[in-house]
Amino acid sequence: MREIFEKLDKYREGILRRSDYVMHLRTDPRVIDFIDCEAVKKAYSSTTLTLDAVFLEIEKDEKFDQERAKTNNEINHKEFITWREFLDYFNDYQEIDVRNRKQSQMLESKKASKKDSTGKEDPEAEAANEYKTLMEQEKERRLQELPKLRSAD
């Protein structure tokens, strides 16, 4: 993963677009081999996150900050990631749990406020759900291609 980070960091600035880096990790055959392996044990619980779950947390973190920035007219600071920040996802479990709770509360309140008088969700919420579904489909497609990639090596 460090090798991929350094390869993508053409100008040696030590910072990458979060989405680009995670996409490259999810498509690299060497990383895909470990995608379902246990990566971190959450503090104060017996739950263990897989590498894929850690990537999902990184993506959630960026989306959470995007939503927060939109509502407060701020800059999205989570658009980019450093190597140290990436490693922190494997170390800072408690912060992930707190952020996930805040995100759930924010989404629930947003859903409640975005429903129109007919009780249907607005088009933005539907588009976000469709995007999530497309990401899941792409992940499944890549996982199905994995045996083909391994046999080609």
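No lab work stands behind these numbers, since they all come straight from the coordinates. Everything numeric in this text was worked out from a predicted model, so none of it was measured. Please note: Cβ atoms are built from the backbone with ideal geometry, for glycine as well, and neighbour counts cover all protein chains shown.
Of the residues in the stretch 21-32, not one is among the charged types (D, E, K, R) and under 25 Å from Gln105 (Cα atoms).
In this structure, Arg26 qualifies as of a type in the set (D, E, K, R) and surrounded by 13 or more Cβ atoms within 10 Å (Cβ to Cβ).
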